[in-house]
Amino acid sequence: MDKLLVSPAPHLHSKENTRRIMRDVIIALMPSVLVSVYFAGLSALLVVVVSVAGCVLVEHLIVRYLMRKKTTVHDLSAVVTGLILAVNLPVSSPWWMVLIGCIAAIGIAKMTFGGLGHNLFNPALVGRVFLLISFPVQMTNWSVNNSIFSSETWNLPKILLGAQGQLPDAVSGATPLGIIKEGLANGLTMETLSQQYDFSYWQMLFGHIDGSLGEASALAVLVGFAYLLFRKVIKPLIPVSILFTVAVFSAILWLLDPSMNADPLFHLLTGGLLLGAVFMATDYTTSPMSPPGMLIYGVGIGVMTMIIRVWGVYPEGVSFAILFMNALTPLLNKIKPIPYKKEVSRG
Amino acid sequence: MSKTFSIGGIHPDDCKFSRDCPIEDFPIPKRVYISMNQHLGMPAVPVVKKGDPVRVGQLIAEPAGFVSAPVHASVSGTVSDVTPYPDFLGKKVLTVVIDTDGDQWEEGIDRSPEIRHEITSSPEDVFKRISESGIVGLGGAAFPTHVKLTPPEGMKPEYLILNGAECEPYLTADYRLMLEHGQEILLGGELMRRTLGAGVNGIIGIEANKPRAIELMRELTSKSLQWKVVPLKKRYPQGGEKQLIDAVLGRRVASFALPVSTGAIVQNVSTAYAVYEAVQKNKPLISKVLTVSSSDSSIQKNYRFRVGTPIMDILSHAGAMEKDGGLSPQFAKVVNGGPMMGKPVSNLEGPVMKSTSGLLLFTEKETKRKEPGECIRCAKCFEACPMRLQPYLLYQLALAGRTEELEEHRVFDCIECGCCLYTCPAHLPLLDQIRLARNASLKNKRKK
């Protein structure tokens, strides 16, 4: 070394980098992906592969040929967006629809704003909501189509356990949230609905396929959550405040009228709530940076989710709730941290 | 239960490789370069001229005001020049150059190793000796100690905290000093405590990664009513003045307030040792202990050096220099101080100063900055900031040159600890920009 390196302090770095954070999120999403592939067969894998490849490709093409810069896909953020989009889609989504979702997510929600770190809304959620509004039929069709990738051919539990297996039937209709939404609207009560459909909390926890890929198993999401906490990628504040708010909100309604409202555990375990609380609401770029902001944001998502679930048109409202609170994030980031106290504290 | 400060902080690997290396006396160099800018405040004014013979401990420069400190010859010999000479940063500062000849000490300096326990000087005499001996804060800031021991009108100190945290990775100079000269440090602390008036309690704060020092200090203070040891959790920047007061007393220094407003005065353990030597041994501040360290196990030392020794001499004695005078090729960077707050050395011929606590050698792989990416707003810098600032925001405001907003977001509270830059996953030069913006805004203020 002929010349000395001269750069100001600090002279060491924690070795933390963006790519490693993204890799941790990918690892945390793996249990959810694997469980959905286990239950829904290769059709689930197809959705995941198309979604990830689509997001990476769209970002690469935009950066390379529209922005004319060095490609940014190696930071793995597009892979994360692709995975999150995939776990938000029904297993039966046709490949072209997934691809449109990728273009909406990366092309519109992420790159238009300047790419990583600049987007206002969670890209994967924009992709999902774009598809939900554009293709309502396909997006709420939870049955598995009869292609080569159909569950009949590839359903591993069925192959392993035989047709009489204890696990749920792969072909099914509406989600539990959809069932109660429609049932209650048609004048049925919770009692008759649960007699009719036999909602099993065990199934919700361990695995079923009525819903998007990632909604298959609450436990898989919780395993991912534990991993993210362990790796210190996220703080528990946002997910916990969302889940707590939903629990309190639904408990109040349930206590007021159990015949017309589902119980808190039902609300916590169904739909995309856990998935949204753990993987989407905690997205760094689109969530607040200070604890008070995080708390308001989490409570806001919880309240919005419940309002949409109970009184809205859609059976599920987590995506809309998160996107709505994403819009408030810049405002929540204006909350100034409290400095060391003006007067001397005698603690 | 170990205590710690309440906001932010990071946990870098402590890398205290040289913890078991006893302090060695560094050989007297052939020539020393004694800068007149050894301290914060006004540079000292030389009282010797070219050709003057000097002895070790002789006054060679007088303070230029209250916030300033005198400077003494660290070797004996002849003054070969009084001239602007580039320091370790390459900046020219007025320097007294002395060619060494033997080791002749001034009369009256007690060089025997016996510890003088009995305190005979009055508090006024102690204070006078401290200011005459050129003692400055040896934790790194080099603020004249007598100024710090003079709290402003109306502020009554209740505690004297001796800072033995040494939270910077690699550095072990304070640790070795505590192990080898624990009694002297306590005596120095006691001398300072007495100058602060009656009713002041003494506390020694030491991080938990130095159990032997905690044990020894506990033993030494076991019979004392005025002194106690507070073990602290390992966490950076615990040795920061404001963080240490928070950790030890649970009191927080407000924005722009002096630390003494909380009733606490903080002094480094090395400073306490210097006070002991000045008062009890009549020896001015001419030497100090520093750590030379690197990931190479053959280059890990603790030296007691004479102020003004060229950095090159120390590195070459430690085995980090080539025969032709260049730095050993495995290393790319030399840091004066700790890895978190130390300054990069750009001139190896520059001298070490009174407050130099370490010379660290880093390989390119260890220290080279990575290409900065995009801020992903992960808020890790905000979580790490011990002053509860928003480094990501200050960075953006600094880039945009929005001075007023920078001040609104308390940019002047920044203690430049480097936690933000250390944690940033995007490797953004957060602190660099904040520092630049702050200096620019300070300059503007001075103009007005």
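The values are calculated or read from the model by the stated rules, or taken from the named source; none is laboratory data. Worth saying up front: this structure is predicted, and the values here are computed from it rather than measured. Positions of Cβ are generated from backbone atoms using ideal geometry, with glycine treated the same way; all protein chains shown enter the neighbour counts.
Here are a few things to note about the model shown:
- Residues that are in a strand (DSSP E or B) and either surrounded by fewer than 15 Cβ atoms within 10 Å (Cβ to Cβ) or at pLDDT below 95 (or both), drawn from the stretch B:46-55: B:P53
- The residues on offer are B:F362, B:F305, and the sole one that is more than 30 Å from A:T285 (Cβ to Cβ), among the aromatic types (F, W, Y), over 16 Å from the mean Cα position of the chain (by Cα) and surrounded by 21 or more Cβ atoms within 10 Å (Cβ to Cβ) is B:F362.
- In this entry, B:D125 is excluded by the filter for residues that are among the acidic types (D, E), at negative phi and buried (at least 20 other Cβ atoms within 10 Å of the Cβ).
- Some residue of the stretch B:392-401 being within 11 Å of another protein chain (Cβ to nearest Cβ) and in contact (Cβ under 8 Å) with a residue 24 or more places away in the chain: yes
- So A:Q195, is it modelled with pLDDT under 65 and farther than 26 Å from A:L46 by Cβ: no
- For the stretch B:366-389, the candidate set comprises residues that are in a loop (DSSP other than H, G, I, E, B), of a type outside the set (K, R) and farther than 24 Å from A:D24 by Cβ; within that set, the residue that is farthest from the other protein chains (Cβ to nearest Cβ) is B:P386.
- When B:A278, B:A274 are screened for being farther than 22 Å from B:K156 by Cα, under 16 Å from the mean Cα position of the chain (by Cα) and touching a residue at least 40 places away in the same chain (Cβ under 8 Å), only B:A274 passes.
- Yes/no for B:P391 being over 22 Å from the mean Cα position of the chain (by Cα) and surrounded by 21 or more Cβ atoms within 10 Å (Cβ to Cβ): yes
- Filter result for B:P339 (facing chain A (nearest Cβ under 7 Å), farther than 25 Å from B:C414 by Cα and in a loop (DSSP other than H, G, I, E, B)): no
- Residues in the stretch B:169-185 that are crowded, with 24+ Cβ neighbours inside 10 Å and over 30 Å from A:S14 (Cα atoms): 1 in all.
- Restricting A:A86, A:A40 to those that are of a type in the set (G, A, S), surrounded by 22 or more Cβ atoms within 10 Å (Cβ to Cβ) and over 18 Å from the mean Cα position of the chain (by Cα) reduces the list to A:A40.
- Between B:E349, B:E405, the distinction of being more than 8 Å from chain A (Cβ to nearest Cβ), touching a helix residue (DSSP H, G or I) at 6+ places or on another chain (Cβ under 9 Å), more than 15 Å from B:L431 (Cα to Cα) and in a helix (DSSP H, G or I) belongs to B:E405 only.
- Scanning the stretch A:97-116 for residues that are surrounded by 19 or more Cβ atoms within 10 Å (Cβ to Cβ) and within 14 Å of chain B (Cβ to nearest Cβ) gives A:K110, A:M111, A:G115, A:L116.
- The stretch B:70-81: number of residues that are surrounded by 18 or more Cβ atoms within 10 Å (Cβ to Cβ) and either more than 25 Å from the chain's Cα centre (by Cα) or modelled with pLDDT under 95 (or both): 3
- Taking residues in the stretch B:160-184 that are within 14 Å of chain A (Cβ to nearest Cβ), and partners anywhere that are part of a helix (DSSP H, G or I), the pairs with Cβ atoms closer than 8 Å and at least 6 places apart or on different chains are B:Y170/B:F17; B:Y170/B:S18.
- Verdict on A:V25 being within 13 Å of another protein chain (Cβ to nearest Cβ), at pLDDT 95 or above and out of contact with any strand residue (DSSP E or B) (no Cβ under 8 Å at 6 or more places or on another chain): yes
- Single match in A:V48, A:V79, A:V33 (criterion: within 18 Å of the chain's Cα centre (by Cα), without any contact (Cβ under 8 Å) to a residue 60 or more places away in the chain and more than 13 Å from every other protein chain (Cβ to nearest Cβ)): A:V79
- Scanning the stretch A:295-327 for residues that are more than 20 Å from A:A124 (Cα to Cα) and in contact with a Ser or Thr (Cβ under 7 Å, 6 or more places away or on another chain) yields a total of 4.
- All helices (runs of 4 or more DSSP H) inside the stretch A:245-347 with 1 or more residues being within 14 Å of chain B (Cβ to nearest Cβ): A:291-311, A:318-332
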